[in-house]
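Okay, structure first, notes after.
Just so it is clear, none of the values below were taken in a lab; they were calculated from the coordinates. Keep in mind the model is a prediction, meaning the values are calculated, not measured. Cβ: placed from backbone, ideal geometry, glycine included. Neighbour counts: every protein chain shown.
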Amino acid sequence: MQQTEITPAVTTDESTPLLSSSNAQPSDNTTSPRPWYSRPSPFWLLPACSLIALSWGLMVAPRVNLYVEIVCEYYYASEANSIGFVGGLAQSGKLNGVDIVARTLAAKSSIIPSIIGIGGLPAIMDRFTFYQPGSNLSYYAPLESDDDDIPNVECNIPEVQAITSNLLLFMSLCCAVPCALGTLSDRKGRRIALLIATAGMTLNHCNIILVGTYSQTLGPYFLLFGALLEGLSGGPMLSLLAACHAYMSDCVEPERRSIVFGWLAAVIYLGVSLGPVPAGWIVAATRSYLSVFYIAVAVFISFFLFVLFILPESLTPEKQAENEHKQKLEKQTREHSSWWRRNVLSIFEALMLFIPKNADSKRHEDQGAISRLVRGNHALIFAAIMSCLNFVAFLGMQAVLILYTTLVFKWTVMDQGIFIFLITGPRAFVLMVLFPIIIRWLKRDGSPPKETFLQTAAKDATFLTQDTLTPEPGDGLFDEFTAKDLQARKALKFDIWALRFGFIIETISFIGYGLTPTGFGFYVIGIFQCLSAMVLPTIKSLLINLVPHSKTGEVLGATGVLEALMRILAPLLFNTIYSLTVSTVPHAVWLVIAALMGTGAVLSFCVKVKKIEKGKGLARRDDVIE
């Protein structure tokens, strides 16, 4: 009898990596592997992202302080000439021009410093504005103060801080313009999303330099124009990080995504931690906040050129065509919908991905493999809410940290840089060293389990008889699905417990921020908060693993839409709270953030993992969701 060689069918699902590993053989003999410089890998982006993060770190403290000084200059000029701010920024009834002159005269001089003059820019601005009572004119006088502290002490008052907080609110609203780069990256590749996001950041920071140079001509409101440009490109960091996560998820297996995302978060934290201290040196040496923005723009342009000419595309043309075909089919189903649904509600259609499916309905055949291990059908929406809460906490801390520490602890740019280093440097250690060690200790690195005696015997029998054994389900002979499910369940269980631990640490930390009366206590709590560093990569990994691979960009885009909404709601909440309580209870905002983190901790206990019966694989069950 002539023996027939049976070639097993090759099937792909969410657990199959989009890109084969470097040691994998080509699918046919006619296809040769691509050279190393054209093969996509997470290691292409990690060094580049570290430079982007370093530029972010350089601007953390100088950015807010520059806004404070621009607003301060405009505030004193407006009040001294008895005119209010336009656009809702005026704090009417706080001070008038005569009060300001009386206050400054009592402080030994009526000279109000100009940040542009301190920055050593145009000579005409290197002077100070003061007001003469009974006159509508203002004039300039040379600098006569020996106080060269940056930030300027004359601007460290609750009135200026409240106005700056409102300006940051309006800038955040401009940055929150919805931008659907997630589905675009699924159809056209990840590089296009990276290019658009980088272009938006570059234009915004060029606008900041322009406003800082000509602040007396343009005023603080022109900052909103750059923020709007950045919002149209997806937001200051949202689209860039989402595209990076999508790129890396294309290159690795699902079991290793949390590790790779941890590396990405680690280089981000490392770059941000190394930036603030050099920023303090640069500002002190140049006497200008704008010098760090020039450096950042140079880094952004370099990253844009790197993506354009060097970075290999991670999404193959075949996969792009497949994703585009799926999106066209989904679009055809909405052709007969109303104009309101197509043009207005379509902005939020990506959020439909998070709506729980009917537990009694049949699951889609392309459903993510790991999602079958989650108890109930609300895991995805819970994960999305936790991601939003984590992002809201970041926005809240970003919105008030510099303002709060400047007002309460009288910190300078250097002090703030040291604090940012202490809260980001240890996070990089946790994610790059501690987190991978724990994962490998728990055998979550994706390595296959050891073969049992029966599995080895089955392979030997196949080799001797030149035939294929097809054991029945549940006979324990070669139940590969059970081994896969057990490994995935172990990984998922670790992710969930890491989220629970992280949210609890975050809650305790923000309560501590609100209660500590000293700057030293603020330092200690910041270091303690670093133990929650695994929340970001873990929750991104959980979100991606709960959907099919073809919807990786879509789920990250949907998360980006939620985060864009949070960019609207978070500033409205935190900046409003801070501006209202800065004169009485400035620490109230930290307690509000702590309450949100406590909510995230509660939700993390609502996501539970299924139990797998010994000898049974979940992949053989029809009703895979309980």
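Remark: for residue pairs Lys490/Lys608; Lys188/Lys551; Lys551/Lys608; Lys319/Lys490, the C-alpha separation exceeds 18 Å in Lys551/Lys608; Lys319/Lys490. The simple spin-label model puts a point 7 Å past each Cα toward its Cβ; for Thr316 and Thr286 those points are separated by 4.7 nm. Scanning residues 5 or more positions from Val609 or on other chains, those with amide H under 5 Å from its amide H are Arg375, with H placed 1.01 Å from N in the peptide plane.
For the listed peptides 165-172, 491-498, a ranking on the average number of other beta carbons within 10 Å per residue, highest first, reads 165-172, 491-498. Under 5 Å from the amide H of Leu315 lie the amide H atoms of Arg190, each residue being 5 or more positions distant or on a separate chain, with H modelled from the backbone and absent for Pro and chain starts.
Mind ranking 304-317, 575-588, 43-56 by how tightly packed they are, going by the mean number of other C-beta atoms within 10 angstrom, highest first? Walk me through the numbers before you get to the answer.
Numbers: 304-317: 15.6, 575-588: 17.6, 43-56: 20.0.
Going by the mean number of other Cβ atoms within 10 Å, highest first, we get 43-56, 575-588, 304-317.
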